[in-house]
Amino acid sequence: MSAKKIILQRYGNLLKEESLVTMQDKILPNTFVLEAPEPFPGFFDYYSEIPLDTKPLYIYFVLKRLYTLEEVTRATQNIKKYFDVNFNAAAGVVHMYNKVYHVIRVRHLDSFNQIVDLQAGYIDEGIEFKKKPKDLKGKAIIRLKKFFTLEEIDEGVYFDMDELDHGYFAIPDKLPWKYFEDLTRRVKNNWDYSAFDAAIGHFHQSFGIVDMVRIYNPNIDREYLMDVRKLYLERIK
């Protein structure tokens with residue numbers, strides 16, 4: 001008999017860097033929407049088997065003000081009752097050109113044509129969008145407030161049950177972003193299988209916080225995740 005899967009549902013944060021561009025079409029007039037054309041910049045072959053422009057990958061609705069997690073979650077929950085696609089949404093903050101933008105990050109839409117309807121749904125729920133400024137394009141640091149559904153495959157090692165190409169492993173302490181960037185470079189430079197993208201985050205558990213690293217690779221498996229974990233943990237001071 002196989003061992004019973006350990007499935008955990010957790011709330012936490014994820015911090016990552018992406019290049020974002022301002023969307024011009026397929027959105028409500030005079031609203032501010034950002035798109036990540038390359039959502040996993042550390043994975044250089046991301047588009048090797050995915051045709052460009054087939055569907056939106058990572059979309060960020062820029063909000064007029066900060067909405068609470070409860071407000072965003074309730075709005076999303078209500079929209080999911082009737083919306084045709086089982087999209088994923090997360091509240092977050094985008095830091096870009098020394099400015100802070102409150103956002104809702106949207107994944108798993110089937111078509112760019114669904115963006116306007118989804119925006120209209122959020123407006124019906126009382127969420128207001130920021131007006132579009134001049135075009136923005138560049139690197140951004142993004143912090144997302146996320147709900148995770150995780151399978152624990154080893155102590156402190158997890159696969160994401162919603163994003164099947166994501167894995168996580170616990171680390172001893174919270175790492176500053178610049179230190180994490182340098183750490184990731186050192187791991188990649190000392191490994192032949194370094195086509196992965198990495199982010200840092202944490203989730204809440206047992207009235208405490210578990211710090212972690214998120215690894216993206218479309219071919220991720222247990223052996224790969226354990227190998228990456230070993231390289232990171234060897235180099236964390």
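The values are calculated or read from the model by the stated rules, or taken from the named source; none is laboratory data. Since this is a predicted model, take the numbers as computed values, not measurements. Cβ atoms come from the backbone with ideal geometry, glycine included; neighbour counts cover every protein chain shown. Heads up: the accessible areas ignore ligands, DNA and RNA and are worked out on the full protein's heavy atoms, side chains in. Shrake-Rupley method; radii C 1.70, N 1.55, O 1.52, S 1.80 Å.
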Legend entry - Candidate lysines for bridging to residue 146, where Cα separation is under 23 Å - those fewer than 8 sequence places away on the same chain excluded: 5, 16, 55, 64, 80, 81, 99, 130, 174, 178
Legend entry - Residue-level accessible surface for residue 16, protein heavy atoms, 1.4 Å, Å²: 10 Å²
Inset, instruction - Considering only 160, 110, 84, give the residue with the highest GNM mean-square fluctuation for the chain, with springs between Cα atoms whenever their separation is below 10 Å. - result: 84
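Given R₀ = 35 Å, what would the calculated FRET efficiency be for residue 178 paired with residue 24, taking r from the Cβ atoms and rounding to 0.05?
For residue 178 and residue 24, the calculated efficiency is 0.60.
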Legend entry - Rounded Å value of the spacing that divides the Cα centres of region 135-160 and region 170-230: 10 Å
Legend entry - Unit charges on C-beta of K, R, D, E only; dipole of the chain, Debye: 980 debye
Inset, instruction - Using only Cα atoms, find the angle between the long axis of helix 177-189 and the longest principal axis of the chain, and express it within 0 to 90 degrees, rounded to the nearest 10. - result: 60 degrees
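Could you check how many percent of all C-alpha pairs in the chain are farther apart than 26 Å? Don't jump to the answer; show the numbers that get you there.
On the way: 11222 of 27966 pairs.
Result: 40 percent of Cα pairs exceed 26 Å.
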Legend entry - the chain: angle of helix 222-235 to the longest principal axis, Cα-based, in degrees nearest 10: 80 degrees
Legend entry - Helix 69-80 axis, angle to the chain major axis (alpha carbon atoms, nearest 10°): 70 degrees
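Quick one: order 118, 28 from most to least accessible surface, probe 1.4 Å. It would help to have the intermediate numbers written out before the result.
Details: 118 0, 28 40 Å².
Output order, biggest surface exposure first: 28, 118.
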